[in-house]
Amino acid sequence: MKKILIKNGRVIDPANKTDELLDILIEGNKISSFKKSLPFTAEKVIDAQGKIVVPGLIDMHVHLREPGREDEETIASGTKAALMGGITSVCCMANTNPCIDNVSGVKFILLKAKNEGLVNVFPIGSVTKELLGRELSPMGEMSKAGIVAVSDDGSSIMNAKIMRRALEYAKTFSLPVIIHSEDLNLSQGGVMNEGKVSTVLGLIGIPREAENIMVARDIALAELTGAKIHIAHVSTKESVGLVKEAKKKGIKVTCETCPHYFTLTEKSVGKYNTNMKMKPPLRTQNDIKAIREGLADGTIDCIVSDHAPHLDIEKDTEFNLAAFGVVGLETLLPLIMVELVEKKVLSLSEAIKKVTLNPATILKLKKGRIKVGECADLTIIDSQKELRIDAGFFHSKCKNSPFIGRKLKGFAVTTIVKGRIAMENRTFVSN
Amino acid sequence: MKLKNKDLLGLENLDKKEVQLILDTAGPFKDLFTRSIKKVPALRGRTVVLLFYEPSTRTKNSFELAAKRLSADTLNVSVSTSSVVKGESLIDTVKTIEAMKADFVIIRHGMAGAAEIVSREIKSSVINAGDGAHEHPTQGLLDLFTIREKKGKIKGLKVTIIGDVLHSRVARSNIWGLKKMGAEVRVCAPATLIPKEIESMGVEVFYDLNKSLKDVDVIYTLRIQLERQKGQLLSSLREYTEFYGITKERLKYAKEDCLVMHPGPMNRGVEISGEVADGNRSVILEQVTNGIAIRMAVLYLLAGNK
């Protein structure tokens, strides 16, 4: 069995509160030991001196676009982008074409991921058939086939009664429901946050209440049903407050946010920059502040990319016509490092927890920790590594990033997936 | 003095001096209109393309006449709105026009930001002839010109803009222009037609028309789109007219010598009564004449930038 030894790295594992200089030995696809000064007995030794070694990152909110929009992304290209971003596990949303609302869809994803995927892929099934918010999807069968959660992300279940039934049904199969919170009537026609900037630009706004109302409704329904809900891409101060209160009351709610929501505001739309167009929309400085506080006090459990690749032709258009969504797999980690760790919003260990242990716990994945005998998914981070984000930076098929032009620091330099070095010194290692 | 940019996309980013320059330049062009030969050779040999994605008679005719009175060659390109979603992209269309070596592209488009996108893509001078609810700078300029001509100044005047501010590019350009030149600006409409945080543009919001007209020097009425009722923004046009229509009765709340303006086309008997539109306070037709002079000034000044 091939052995890999990672020497002298600063090992951070939030699961067992580890933060010390350790060596990690990988045998086959498993971690066989981690302790101080392991002997040089491996065929491959990685010198991790000055680097940070963490459990492989988990991004629980990704759009891989396959099946249906392979021009935008495939399981192969999306997982390659993940790899370069230090992410060893992704959960892919169900809003593909056709959408993942049945067992054959789930099997397709898993088969494709097995054959072409470069990181672990965990499919998410839809809540309702065809994402229409009308009839329940076969959650039980899909769960057996391998989904880790259900979500109608990209759309919203407007009918509260159907949502109630969906929560009860998901609870039956112990599936968390990931919720895209958007009152579609309030947001109709909107293309950015409603406020000062939308008024000046003459664009139709999406009021923050479109998110807040649905977060409040679904927390109430979670209380009613006892189901586990997870609020996707929290963007407002009020959402953070609602989740915080609900957690205090013991309601089973968790939530996530994305780097753009703790970094950018509506002002970034500037002169109709379509790379700043996503749902929910970029909000205000006050929201950034609340989201950072929510991250710090534990209200916000996870950080995800909501990686949503779109081609240039879908973005180089009138702002109204441009697609919603931004890529994010490759900038997730450096933005956490620059905006949260460097600015002391979170300690390194707390930050890593939100992309490892926390998503693993919510989705009950046997991932997100460094444990002897478990699968060796590891990410080695160089906190000093600086890179400029430009079109040439990306490995995703698409480059629709709101961070183009920025210089970021703190990148994954080596990614190990199931005991295989799949990316080393920021270079892709083929099978 | 010159304009700073190759394009005129809005009044938000023009400085006061540039606005003054355009207004000052328009004066002599207007004088030209009283002559039998209204044409000057200033833009001879230049090509002006009028790219209109929305039906418009008045603005298009005004620009076309302005270009012709400057001796430029004009080309009309009308694109139906349906082809915006399907078919050739905006960027491809304007690149094609640029390849025809157009010096100016005057664009009217139903979506905010269209002129901005075009200006980034091509070297020709781009003039925004209205983009969605964003801006309609030459309308704003011709309104400033008209007010200055009639009142002798703009600074210190009180102006109330009444109507569908939410969807109005004219309102936005006027707000920027008037504020820049030192006027006090109010907007008045039912709350459904007032965009969020418009106060941040430096205007005062009124829902009561009579109060909004107190001591004003200029009443600026916006066209009310007849289909707004369907969008649940109004209950009925009848009710709108009752509360926001400018009638002779209402004029007495404003200053005795107030001007009544409208960007056209008017819905007589809806936002403005026929009596007021044709009355002695109305400068609506004057606005049309001044529009040509302003557009000549803009073309002339932008040509000088090259």
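Filter region B:180-202 for residues that are within 24 Å of B:Arg281 (Cα to Cα) and either in contact with a helix residue (DSSP H, G or I) (Cβ under 7 Å, 6 or more places away or on another chain) or touching a residue at least 40 places away in the same chain (Cβ under 8 Å) (or both) and give the result. Let's see the steps before the verdict.
Residues of region B:180-202 within 24 Å of B:Arg281 (Cα to Cα): B:181-189.
Matches in region B:180-202: B:Met181, B:Val185, B:Arg186, B:Val187, B:Cys188, B:Ala189.
From the residues in region A:178-201 that are outside any loop (DSSP other than H, G, I, E, B) and polar (S, T, N, Q), which one is nearest to the other protein chains (Cβ to nearest Cβ)? Break it down into steps so the answer makes sense when it comes.
Of region A:178-201, the ones outside any loop (DSSP other than H, G, I, E, B) are A:178-179, A:184-187, A:192-193, A:196-201.
Okay, now just the ones that are also polar (S, T, N, Q), so A:185, A:187, A:193, A:198-199.
Details: A:Asn185: 10, A:Ser187: 14, A:Asn193: 10, A:Ser198: 7, A:Thr199: 4 Å.
Residue satisfying both the conditions and the ranking: A:Thr199.
Yes/no per residue for (1) at pLDDT below 95; (2) more than 25 Å from B:Asn305 (Cα to Cα):
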position: B:Met100; (1), (2): yes, no
position: B:Ala129; (1), (2): no, no
position: B:Gly132; (1), (2): no, yes
position: B:Glu135; (1), (2): no, no
position: B:Gly156; (1), (2): no, yes
position: B:Gly163; (1), (2): no, yes
position: B:Ile175; (1), (2): no, yes
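Would you check if there is a residue in region B:238-254 being touching a helix residue (DSSP H, G or I) at 6+ places or on another chain (Cβ under 9 Å), of a type in the set (S, T, N, Q) and either within 14 Å of another protein chain (Cβ to nearest Cβ) or surrounded by 23 or more Cβ atoms within 10 Å (Cβ to Cβ) (or both)? Spell out the reasoning first.
Of all residues in region B:238-254, those touching a helix residue (DSSP H, G or I) at 6+ places or on another chain (Cβ under 9 Å) come to B:240, B:243-248, B:250-251, B:253.
So of that shortlist, the ones also of a type in the set (S, T, N, Q) come out as B:247.
Those still in the list that are either within 14 Å of another protein chain (Cβ to nearest Cβ) or surrounded by 23 or more Cβ atoms within 10 Å (Cβ to Cβ) (or both) too: none.
Checked against the condition, which is being touching a helix residue (DSSP H, G or I) at 6+ places or on another chain (Cβ under 9 Å), of a type in the set (S, T, N, Q) and either within 14 Å of another protein chain (Cβ to nearest Cβ) or surrounded by 23 or more Cβ atoms within 10 Å (Cβ to Cβ) (or both), region B:238-254 yields no hits at all.
If we keep just the residues of region A:310-337 that are among the hydrophobic types (A, V, I, L, M, F, W, C) and either surrounded by fewer than 20 Cβ atoms within 10 Å (Cβ to Cβ) or within 11 Å of chain B (Cβ to nearest Cβ) (or both), which is nearest to A:Ala412 (Cα to Cα)?
Our first condition is that a residue be among the hydrophobic types (A, V, I, L, M, F, W, C); within region A:310-337, this holds for A:311, A:313, A:319, A:321-324, A:326-327, A:329, A:332-333, A:335-337.
Remaining after also requiring either surrounded by fewer than 20 Cβ atoms within 10 Å (Cβ to Cβ) or within 11 Å of chain B (Cβ to nearest Cβ) (or both): A:311, A:313, A:319, A:321-324.
Details: A:Leu311: 25, A:Ile313: 30, A:Phe319: 33, A:Leu321: 35, A:Ala322: 31, A:Ala323: 29, A:Phe324: 27 Å.
Looking at the filtered set, the residue picked out is A:Leu311.
Residues checked against (1) over 30 Å from B:Leu32 (Cβ atoms); (2) hydrophobic (A, V, I, L, M, F, W, C); (3) more than 20 Å from the chain's Cα centre (by Cα); (4) assigned to a helix (DSSP H, G or I):
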{"site": "B:Arg250", "(1), (2), (3), (4)": "yes, no, yes, yes"}
{"site": "B:Pro263", "(1), (2), (3), (4)": "no, no, no, no"}
{"site": "B:Val276", "(1), (2), (3), (4)": "yes, yes, yes, yes"}
{"site": "B:Gln287", "(1), (2), (3), (4)": "no, no, no, yes"}
{"site": "B:Tyr300", "(1), (2), (3), (4)": "no, no, no, yes"}
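Checking the structure you have, find out if any residue of region B:180-202 is away from chain A (no Cβ under 14 Å), on the phi > 0 side of the Ramachandran plot and within 21 Å of the chain's Cα centre (by Cα).
The answer is yes; a qualifying residue exists.
Do the conditions hold for A:Glu223, that is, is it farther than 29 Å from B:Trp176 by Cα and surrounded by fewer than 21 Cβ atoms within 10 Å (Cβ to Cβ)? Lay out the reasoning, then the answer.
Details: farther than 29 Å from B:Trp176 by Cα: yes; surrounded by fewer than 21 Cβ atoms within 10 Å (Cβ to Cβ): yes.
Spelling it out, A:Glu223 is indeed farther than 29 Å from B:Trp176 by Cα and surrounded by fewer than 21 Cβ atoms within 10 Å (Cβ to Cβ).
Could you check how many residues of region A:165-224 are touching a Leu at 6+ places or on another chain (Cβ under 7 Å) and among the basic types (Lys, Arg)?
1
Can you find, within region B:14-45, the residue that is surrounded by the most Cβ atoms within 10 Å (Cβ to Cβ) among those that are in contact (Cβ under 8 Å) with a residue 40 or more places away in the chain and touching a Ser or Thr at 6+ places or on another chain (Cβ under 8 Å)?
B:Leu43
Out of curiosity, is B:Gly274 within 14 Å of chain A (Cβ to nearest Cβ) and without any contact (Cβ under 8 Å) to a residue 40 or more places away in the chain? Reasoning before the result, please.
On the way: within 14 Å of chain A (Cβ to nearest Cβ): no; without any contact (Cβ under 8 Å) to a residue 40 or more places away in the chain: yes.
The answer is no for B:Gly274.
Could you look through region A:247-272, keep only residues that are in a helix (DSSP H, G or I) and buried (at least 24 other Cβ atoms within 10 Å of the Cβ), and pick out the one that is nearest to the other protein chains (Cβ to nearest Cβ)? Walk me through it before giving the result.
Restricting attention to region A:247-272, the residues satisfying the condition of being in a helix (DSSP H, G or I) are A:247-248, A:259-263, A:266-269.
With buried (at least 24 other Cβ atoms within 10 Å of the Cβ) added as a condition, the list becomes A:259-262, A:269.
Working: A:Pro259: 25, A:His260: 20, A:Tyr261: 20, A:Phe262: 23, A:Val269: 9 Å.
The extreme case among them is A:Val269.
I'd like to check something: does region A:288-306 contain any residue that is in a helix (DSSP H, G or I), within 14 Å of chain B (Cβ to nearest Cβ), at negative phi and without any contact (Cβ under 8 Å) to a residue 60 or more places away in the chain? Outline the logic, then answer.
We begin by selecting, within region A:288-306, every residue in a helix (DSSP H, G or I); these are A:288-296.
Next, only the ones that are within 14 Å of chain B (Cβ to nearest Cβ) stay: none.
Looking for residues that are in a helix (DSSP H, G or I), within 14 Å of chain B (Cβ to nearest Cβ), at negative phi and without any contact (Cβ under 8 Å) to a residue 60 or more places away in the chain, one finds none in region A:288-306, hence no.
Please determine whether any residue of region B:180-190 is out of contact with any Lys or Arg (no Cβ under 6 Å at 6 or more places or on another chain) and assigned to a helix (DSSP H, G or I).
The answer is no; no qualifying residue exists.
Are there any pairs with C-beta distances below 7 angstrom linking a residue in region A:45-66 that is more than 12 Å from A:Leu21 (Cα to Cα) to a residue that is of a type in the set (Asp, Glu) and in a loop (DSSP other than H, G, I, E, B), with the two at least 6 apart or on different chains, and if so which?
Listed pairs, sorted by first residue: A:Pro55/A:Asp377; A:Gly56/A:Asp377; A:His61/A:Asp306; A:Leu64/A:Glu73; A:Arg65/A:Glu72; A:Arg65/A:Glu73; A:Glu66/A:Glu73.
Are any of the residues in region A:355-378 under 29 Å from A:Ile206 (Cα atoms) and not hydrophobic (A, V, I, L, M, F, W, C)?
Within region A:355-378, one or more residues are under 29 Å from A:Ile206 (Cα atoms) and not hydrophobic (A, V, I, L, M, F, W, C).
In region B:197-214, how many are within 19 Å of B:Trp176 (Cβ to Cβ), of a type in the set (A, V, I, L, M) and touching a strand residue (DSSP E or B) at 6+ places or on another chain (Cβ under 7 Å)? Steps first, answer last, please.
First, the residues of region B:197-214 that are within 19 Å of B:Trp176 (Cβ to Cβ): B:197-205.
Next, from what is left, pick out any that are of a type in the set (A, V, I, L, M): B:198, B:201, B:203, B:205.
With the extra rule that they be touching a strand residue (DSSP E or B) at 6+ places or on another chain (Cβ under 7 Å), the set shrinks to B:198, B:203, B:205.
Residues meeting the conditions: 3.
Would you please list the contacts, defined by Cβ atoms under 6 Å and residues six or more apart or on different chains, that run from a residue in region A:202-214 that is within 13 Å of chain B (Cβ to nearest Cβ) and part of a strand (DSSP E or B) to a residue that is of a type in the set (D, E, K, R) and crowded, with 22+ Cβ neighbours inside 10 Å?
Here the result reads A:Gly205/A:Glu194; A:Ile206/A:Glu194, each pair linking region A:202-214 to a residue that is of a type in the set (D, E, K, R) and crowded, with 22+ Cβ neighbours inside 10 Å.
For residues in region A:307-321 being in contact (Cβ under 8 Å) with a residue 60 or more places away in the chain and assigned to a loop (DSSP other than H, G, I, E, B), which is nearest to A:Met60 (Cα to Cα)?
Looking at residues that are in contact (Cβ under 8 Å) with a residue 60 or more places away in the chain and assigned to a loop (DSSP other than H, G, I, E, B), I get A:Ala308.
Of the conditions (1) buried (at least 24 other Cβ atoms within 10 Å of the Cβ); (2) within 14 Å of another protein chain (Cβ to nearest Cβ), B:Phe145 clears all except one; give me its number.
Among (1) buried (at least 24 other Cβ atoms within 10 Å of the Cβ); (2) within 14 Å of another protein chain (Cβ to nearest Cβ), B:Phe145 violates only (2).
Being at pLDDT 95 or above, in a loop (DSSP other than H, G, I, E, B) and within 14 Å of another protein chain (Cβ to nearest Cβ), is that true of even one residue in region B:209-219? Steps first, please.
To start, the set of residues in region B:209-219 that are at pLDDT 95 or above comprises B:209-219.
Next, only the ones that are in a loop (DSSP other than H, G, I, E, B) stay: B:213-217.
Within this subset, residues satisfying the condition of being within 14 Å of another protein chain (Cβ to nearest Cβ) are none.
Scanning region B:209-219 turns up no residue that is at pLDDT 95 or above, in a loop (DSSP other than H, G, I, E, B) and within 14 Å of another protein chain (Cβ to nearest Cβ).
Cβ-Cβ distance below 8 Å, separation of 6 or more or different chains: which pairs start in region B:228-244 with a residue that is under 15 Å from B:Ile162 (Cβ atoms) and end on one that is exposed (fewer than 12 other Cβ atoms within 10 Å of the Cβ)?
Note: pairs meeting the criteria are B:Leu237/B:Leu226.
The values are calculated or read from the model by the stated rules, or taken from the named source; none is laboratory data. These numbers were taken from a predicted model, which means no experiment stands behind them. All Cβ positions, glycine included, derive from the backbone under ideal geometry; neighbour counts span all protein chains shown.
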